[in-house]
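The values are calculated or read from the model by the stated rules, or taken from the named source; none is laboratory data. Note that this is a predicted model, so its numbers are computed, not measured. Cβ: placed from backbone, ideal geometry, glycine included. Neighbour counts: every protein chain shown.
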Amino acid sequence: MKSYNHKVIKGSAVRGDQLRLPRAKSIYNSISVANDCDLVGCRKQANGSEVILFTIRRIGVPDEPAYDIHDTEEVAVICDKKDVMMPEVYALRKDFPVALPHSNAKEFLRPVSLCISDVPFLDIRHQFSAFDFIGYIRRWFLLNSMNKLHEADRPIEVFFAARMTCELKLDSKRHCNYALLTHKTKTSYTVEYVEKNKASHFIIGICLDSVVTRNFASLPETVADLASLKYANGVELHHAILNQYLSAVSNDNNLPLLVLLYVEQKKEGHPTENRIDLFVIKFEQQIKSLKSKLKRLSKDSFDKWFRSLKIDILFTFPQPLISLNRDSNRITHNVDKIAFIGTGTLGSNIVDNILREGFCEKAVLIDYDIYFPHNTARHILPIKSTMEYKATAMKNYLEGINNQKIDVLLEDFFSLNTHQKEMAFSDASIIVDASTSVAVERSLAHENRQGKSRNCTIFLSPKGTDLVLLFEDSEAKNRLDLLEMSYLRAVLVTSSLSFHLDMSDMVRTNDFSCRSESSVINYDNVKMLSAIASQQIKRHASCDDAFVGIWHVDEAESTVTKTAPAVQTWETFEVNTIHVLLAKDLKEEILSIVQLKGDCETGGCLLGCYDKDRKYIYVIYQIYEPKDSKCYPCSFVRGCDGLTDSIDIIRLKSGNQVRYLGEWHSHPNGSFSPSITDKEQFKAMSGQLGREDVPFVQMIYANNSIYVNAII
């Protein structure tokens with residue numbers, strides 16, 4: 001081995017037994033006993049690192065290697081005192097080829113740094129073997145000599161290595177030759193087109209001819225290192241840069257130069273596989289004197305000077321892009337537009353998830369509420385957005401995703417005029433109601449049927465431990481109000497949901513309004529459940545069926561359980577202008593009771609919900625005959641024992657939504673038509689309840705037929 005004096009491996013010569021670093025000692029010992037390794041010497045560096053110099057013989061290089069790798073190679077290994085990274089490996093041969101696959105970009109060309117493992121050192125340190133380490137070095141030389149260090153199906157690698165990165169904020173509608181390069185960190189920049197008076201650099205763009213991938217990333221240090229690259233018609237890249245700069249720059253320009261370089265690589269033998277990269281070539285010095293030098297110097301002298309100019313390569317990242325976000329999140333199905341009603345605790349998190357994932361091209365945010373300081377405990381918005389409109393702040397928060405359009409309506413849902421409704425909903429694929437308002441949900445179900453939008457409602461239980469999602473079918477046969485009733489029936493008949501709508505033990509009142517009470521809920525639950533909500537919205541957007549889902553967080557175990565109640569079908573009875581809807585499961589339940597009772601009449605109380613504005617009565621539950629009821633073949637007298645308590649329990653379990661609606665009884669041996677007694681009962685009870693301004697429903701079951709009478 002020659003006496004190499006590369007700065008990176010310099011140090012004081014020491015004997016092997018004088019090495020003090022455990023990692024260096026183990027590698028030294030393995031080299032000493034290896035049959036195909038010859039130890040050359042050891043060095044100790046001023047910073048405490050230790051260097052081992054040796055040769056590897058009989059590598060097994062083929063007679064005609066793909067790269068100029070010899071069967072015997074000279075190597076240096078540097079072990080760092082901190083021992084937190086893989087020992088560095090350098091190929092020392094003076095003419096060793098640079099920029100081979102899996103070689104590291106350094107600020108110097110030689111010695112060539114070898115990347116012998118792509119596994120982080122700290123992940124394998126606990127089982128590091130010096131013997132295996134030497135094997136990795138041998139493997140690197142052997143496989144590179146056969147051009148097999150890359151797998152056959154390995155993606156094309158980046159064309160240039162780079163020590164710095166850059167985000168491009170280039171607006172295609174505002175193309176010019178002036179750019180502002182902003183230093184963000186030690187190794188990162190942003191660059192954007194600006195007016196001349198705001199520019200820090202003069203920028204030109206160049207597109208290389210397509211190249212066949214070289215399977216390695218070079219790191220140009222000077223303009224001369226670009227000479228092998230070709231522009232259109234075989235013009236060398238450094239000449240193309242010079243020519244384009246001279247044709248575009250004005251005489252009074254004194255700005256340094258940036259070159260935006262477009263590179264397309266193709267894989268040999270795979271014409272359809274390609275990789276496109278954008279790089280920024282940054283000149284380290286101003287070249288304002290370029291024109292004067294061109295006049296003063298001879299052609300050869302000028303060319304020599306220009307080729308010697310130092311450059312930096314910046315690896316570029318595009319601005320956030322909706323299609324890139326979509327690909328990054330494996331979104332294979334997306335929609336054109338979603339309208340979001342409500343951007344509060346749950347709504348803001350869902351908006352954030354769905355838009356970051358690129359699921360919709362356009363979003364409309366409808367909310368008139370302000371982001372108050374107390375909201376910061378459980379809202380996606382940053383603290384600095386307090387006292388702003390939530391919807392506007394959300395738009396600003398997500399601003400910058402290219403091709404993502406966000407519109408804002410700072411209105412209460414019921415204050416929207418015809419034009420605003422048309423703008424928000426007419427071409428929406430989905431309308432997401434996160435308002436936690438029954439009134440909004442009912443309006444979406446009945447009046448707001450614009451276009452082919454599918455409505456869904458999402459809300460949290462009072463304690464914030466449960467998420468509820470109601471999603472209409474594609475033909476809107478199961479409207480939101482009907483799905484709400486399916487959900488409420490499930491709450492009443494499912495034992496695991498008995499405490500689903502219990503109020504939180506803690507309620508917070510905000511200072512600015514006696515009405516501004518809110519349950520104290522855990523933001524961890526919000527984050528978990530909002531992620532489920534956005535995921536399920538995307539899932540059911542691609543299905544045609546209606547859906548009702550409830551997810552519950554077990555805070556002690558951090559687990560989530562799902563309940564998917566049946567979506568009810570409904571039998572509708574028209575009584576004058578009143579629509580009485582009977583849940584199918586309840587109808588079957590009552591019919592089975594009637595059949596079991598045989599020849600005796602039976603009955604009970606009907607419970608459910610009603611909508612006086614739209615004249616809808618939803619019958620979803622019944623309380624079977626109390627213990628003191630009297631049943632006869634031709635009459636039934638419903639008792640009262642425990643009935644008040646039972647109705648109160650139902651009301652509380654349903655969050656005060658399900659109320660007493662009326663009575664049902666059977667006619668097992670006669671017509672379903674009401675008897676004189678039935679008519680008198682209806683007149684008396686409907687009159688009494690009418691004076692209380694509540695509805696009354698009477699149902700009679702006979703011979704599998706149902707008679708219904710109602711007031712509202």
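Odds and ends about this structure:
- Positions within the range 393-420 being in a helix (DSSP H, G or I) and either closer than 19 Å to residue 168 by Cα or without any contact (Cβ under 8 Å) to a residue 12 or more places away in the chain (or both), in sequence order: 396, 418, 419, 420
- Each residue in the range 438-452 was checked for being surrounded by 22 or more Cβ atoms within 10 Å (Cβ to Cβ) and not hydrophobic (A, V, I, L, M, F, W, C), and 1 of them qualify.
- You will find that of 283, 317, 340, the residue that is in contact with a strand residue (DSSP E or B) (Cβ under 8 Å, 6 or more places away or on another chain), under 30 Å from residue 436 (Cβ atoms) and of a type in the set (Phe, Trp, Tyr) is 340 and no other.
- Out of 403, 417, sole residue that is under 21 Å from the mean Cα position of the chain (by Cα) and surrounded by fewer than 22 Cβ atoms within 10 Å (Cβ to Cβ): 403
- Looking across 427, 481, one residue alone is modelled with pLDDT of 95 or more, in the same structural domain as residue 534 (by TED's automatic domain parsing) and either touching a His at 6+ places or on another chain (Cβ under 8 Å) or not aromatic (Phe, Trp, Tyr) (or both). It is 481.
- Only one entry in 686, 705 is out of contact with any Pro (no Cβ under 6 Å at 6 or more places or on another chain) and buried (at least 18 other Cβ atoms within 10 Å of the Cβ), namely 686.
- Any hit, the range 655-664, residues being acidic (Asp, Glu), assigned by TED's automatic domain parsing to the domain that holds residue 589 and either at pLDDT 95 or above or part of a loop (DSSP other than H, G, I, E, B) (or both): yes
- Looking only at residues of the range 189-231 that are modelled with pLDDT of 90 or more and assigned to a loop (DSSP other than H, G, I, E, B), we find that the one that is surrounded by the fewest Cβ atoms within 10 Å (Cβ to Cβ) is 195.
- Condition met for residue 435 (assigned to a loop (DSSP other than H, G, I, E, B) and surrounded by 22 or more Cβ atoms within 10 Å (Cβ to Cβ)): yes
- Entry remark, the range 346-360: residues being of a type in the set (Gly, Ala, Ser) and either within 13 Å of residue 396 (Cα to Cα) or out of contact with any Lys or Arg (no Cβ under 8 Å at 6 or more places or on another chain) (or both) number 2 in total.
- Failed item, numbered, when residue 83 is tested on (1) under 34 Å from the mean Cα position of the chain (by Cα); (2) among the acidic types (Asp, Glu); (3) assigned to a loop (DSSP other than H, G, I, E, B): (1)
- Those strands (runs of 3 or more DSSP E) lying entirely in the range 591-637 with at least 3 residues at pLDDT 95 or above: 603-611, 616-624
- Residue 291 falls short of the stated requirement of being without any contact (Cβ under 8 Å) to a residue 12 or more places away in the chain and either part of a helix (DSSP H, G or I) or among the acidic types (Asp, Glu) (or both).
- Selection over the range 360-379 of residues that are more than 17 Å from residue 433 (Cα to Cα) and surrounded by fewer than 24 Cβ atoms within 10 Å (Cβ to Cβ) gives a count of 9.
- Listing of strands (runs of 3 or more DSSP E) fully contained in the range 93-183 that carry 1 or more residues being touching a residue at least 60 places away in the same chain (Cβ under 8 Å) and either within 22 Å of residue 220 (Cβ to Cβ) or in contact with a Ser or Thr (Cβ under 8 Å, 6 or more places away or on another chain) (or both): 164-169, 178-183
- Among the residues of the range 647-688, those identified as touching a residue at least 40 places away in the same chain (Cβ under 8 Å), under 23 Å from residue 596 (Cα atoms) and of a type in the set (S, T, N, Q) are 666, 669.
- Only residues that are surrounded by fewer than 18 Cβ atoms within 10 Å (Cβ to Cβ) and assigned to a helix (DSSP H, G or I) were counted across the range 536-571, and they come to 1.
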